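Scroll down for the structure; my scribbles are underneath it.
Since every read-out is calculated from the coordinates, none of them should be taken as a lab result. Every value quoted in this text rests on a predicted model; they were computed, and no experiment measured them. Glycine also receives a Cβ, built like all others from the backbone with ideal geometry; neighbour counts cover every protein chain displayed.
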Amino acid sequence: MRKNIVAGNWKMNNDLSQTESLLNDLKKETNRRNAEVIVAPTFVNLYPAFQNLKGTAITVAAQNMHQNDNGAYTGEISASMLKSVGVTTVILGHSERRAYFKEDDELLAQKVNTALENDMRVIFCFGEELAERKNGTQESVVESQLKNALFHLNEHQWKNIVLAYEPVWAIGTGETASPEQAQDMHAFIRKVVSDQYSKTLAEAVTILYGGSVKPANAKEIFSKPDVDGGLIGGASLKAQDFFEIVNAF
Ligand code: PEP
């Protein structure tokens, strides 16, 4: 179950032609890969991306989805719509969704349930804010985010959960958690999962780090025993940088 993953979250960047062009560059890259590579373009470009990447080892993920299966939710996208265009992985709980779109733990628990009911894989993001890191409450914040959104799941359902620890103060700021800070938190996350479920599950779950990962720091962060890869924002928009990060494994 546990594997190395490098996922690029493109956020609200890249129109159709830019998407095609970045994907074409990514496909040209022939370096060895010791990690699954995932890209998350914006909704309108998911189907073109899926088509473009057919026959490659690169997976397409959505950046969000709605908690309901269908209905009068103007502007929203459901799990079954994503699946109908070939997308079976979804990022949920990104700090930008939490901050700008007021997604809270309760809503995220519903989204997680819907995704899993639809046999989708969830990349679940969580992490503390700067003030919480400064006042030393980062572990309790992270523990409660996990507890509130994920700990109602049974052990079996966790096979489709990938965790992405993303300290909010490190996202898009250029400030990265040190490899030691990332390792300490990842080890703590495994302990919390182990206490709630089992050591076997805690060892099996993939935990990504996100927050200003770039070619210059990826190797050291990924070398930590409890870090299984990264969720990459800014650096995933440049093919060369992204693949340097992928090849940091
Ligand atoms: C992110 O948005 O998930 C992220 C980690 O962004 P960046 O790499 O730009 O900090």
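Details
- Scan of the range 217-247 for residues that are among the small types (G, A, S) and either within 15 Å of the chain's Cα centre (by Cα) or within 14 Å of the ligand (Cβ to nearest atom) (or both), ordered by number: A218, G229, G230, G233, G234, A235, S236
- The range 53-69 - residue that is out of contact with any strand residue (DSSP E or B) (no Cβ under 9 Å at 6 or more places or on another chain) and surrounded by 16 or more Cβ atoms within 10 Å (Cβ to Cβ) and, of those, nearest to E96 (Cα to Cα): H66
- Apart from one condition, A72 fits all of (1) surrounded by 13 or more Cβ atoms within 10 Å (Cβ to Cβ); (2) farther than 30 Å from K28 by Cβ; the exception is (1).
- Look at the range 159-171: where a residue is in contact (Cβ under 8 Å) with a residue 40 or more places away in the chain and of a type in the set (D, E, K, R) and a partner is crowded, with 24+ Cβ neighbours inside 10 Å and assigned to a strand (DSSP E or B), sitting 6+ places away or on another chain with Cβ atoms under 8 Å, you get E166/C125; E166/F126; E166/Y209; E166/G210; E166/L231.
- Check on G210, surrounded by fewer than 16 Cβ atoms within 10 Å (Cβ to Cβ) and within 15 Å of the ligand (Cβ to nearest atom): no
- The number of residues in the range 153-168 that are within 16 Å of the ligand (Cβ to nearest atom) and part of a loop (DSSP other than H, G, I, E, B) comes to 2.
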